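Undergrad: Starting off with a structure, shown below.
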Amino acid sequence: MADENIQNTVSSNDGENKPYYADWGLSDENIGWLQNSGYKDPASLIDGFRSTKSYVGMDKNDLVRIPKADKDGNRDLSEVYKQLGRPEKAEDYGLGDTDFAKAAADKLFELGLSSKQAKALSDFMVEQDKTIQANADEDWNKKVNEGIEALKKEWGAEYEVKKELAQKAVRDIVSATGLTEDELNKIESALGTDKATKLFYSIGAKDGGVKNLQNYNAGEETPEIAKFKIAELKKDKEFVAKLAVADREAVKEMNRLTALAMKVQE
């Protein structure tokens, strides 16, 4: 007999409550199906039938059938993923040939993402990487500028000369050891611009650096000192004004210092 708690009932002539399908002449099997289906009244039964009917005649390729789980609760969703747009193999995502790209493609394939979804995710990651890199560059440039300002404050008038000695030491080290720019950047990043510059200056100072500073104080000139003097003259408004009108002595002095400063690169 139907469960009257979940099935709507109708009253017969003798007042007995019966399931709404009692007079439909159904077999026991069909009655059992109705009892288990959740169709509690004729209206819900009709709605369910109409919904099912809408699938009749559809292209089978437009239907996705979810397979039943095995005894361990696993489902083979390969066909489902295929219907939803997953490519035939991971390489077909076209993410590239790098180790990371291949690993990412394998994971996306495992998760069943469609080609469209994979591309959208890849584009998002690229944009995120650009944003992260831009923020990192901005932070790095800020730290570099802070380091330079700290050195200028500490070294004062000797900043340009000491900086040149540090840069010359870097060139000598690169020439002797083959250090790459990336490796030098790692040193600067680890120590900070000011401390890295001091380190290289201390190396350069051992090879004539102290003598150069002594020569500067004694009025003698070296290429590094000449470059420092040029920088100082460019700050001198009176000297700049003379250069602007091609003053003979000013032009001669600038040419002399420039020629000497060029030897820094030799």
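Read-outs: derived from the displayed coordinates by stated rules, not from any lab. Fair warning: this is a prediction, and the values are worked out from it, not measured in the lab. Using ideal geometry, Cβ is built from the backbone for each residue, glycine included, and neighbour counts are taken over all protein chains shown.
Undergrad: On the basis of being under 28 Å from THR222 (Cα atoms) and assigned to a helix (DSSP H, G or I), does ALA169 make the cut? Let's see the steps before the verdict.
TA: Numbers: under 28 Å from THR222 (Cα atoms): yes; assigned to a helix (DSSP H, G or I): yes.
Criteria met by ALA169.
Undergrad: Sort out which residues of the range 83-106 are surrounded by 11 or more Cβ atoms within 10 Å (Cβ to Cβ) and not hydrophobic (A, V, I, L, M, F, W, C), and write them in order of number. Outline the logic, then answer.
TA: Let us first name the residues in the range 83-106 that are surrounded by 11 or more Cβ atoms within 10 Å (Cβ to Cβ), namely 83-87, 90-96, 101-106.
GLN83, GLY85, ARG86, PRO87, GLU91, ASP92, TYR93, GLY94, GLY96, LYS102, ASP106 - these are the residues of the range 83-106 that are surrounded by 11 or more Cβ atoms within 10 Å (Cβ to Cβ) and not hydrophobic (A, V, I, L, M, F, W, C).
Undergrad: Condition (residue is part of a helix (DSSP H, G or I), surrounded by 10 or more Cβ atoms within 10 Å (Cβ to Cβ) and in contact (Cβ under 8 Å) with a residue 40 or more places away in the chain) applied to the range 127-143: is it met by at least one residue?
TA: yes
Undergrad: LEU113 versus (1) of a type outside the set (S, T, N, Q); (2) part of a helix (DSSP H, G or I); (3) surrounded by 10 or more Cβ atoms within 10 Å (Cβ to Cβ): which is the lone unmet condition?
TA: Condition (2) is where LEU113 drops out.
Undergrad: Got a number for residues in the range 169-183 being surrounded by 13 or more Cβ atoms within 10 Å (Cβ to Cβ) and either touching a Leu at 6+ places or on another chain (Cβ under 8 Å) or within 19 Å of ALA205 (Cα to Cα) (or both)? Break it down into steps so the answer makes sense when it comes.
TA: Going residue by residue through the range 169-183, those that are surrounded by 13 or more Cβ atoms within 10 Å (Cβ to Cβ) are 169-174, 179.
With either touching a Leu at 6+ places or on another chain (Cβ under 8 Å) or within 19 Å of ALA205 (Cα to Cα) (or both) added as a condition, the list becomes 169-174.
Qualifying residue count for the region: 6.
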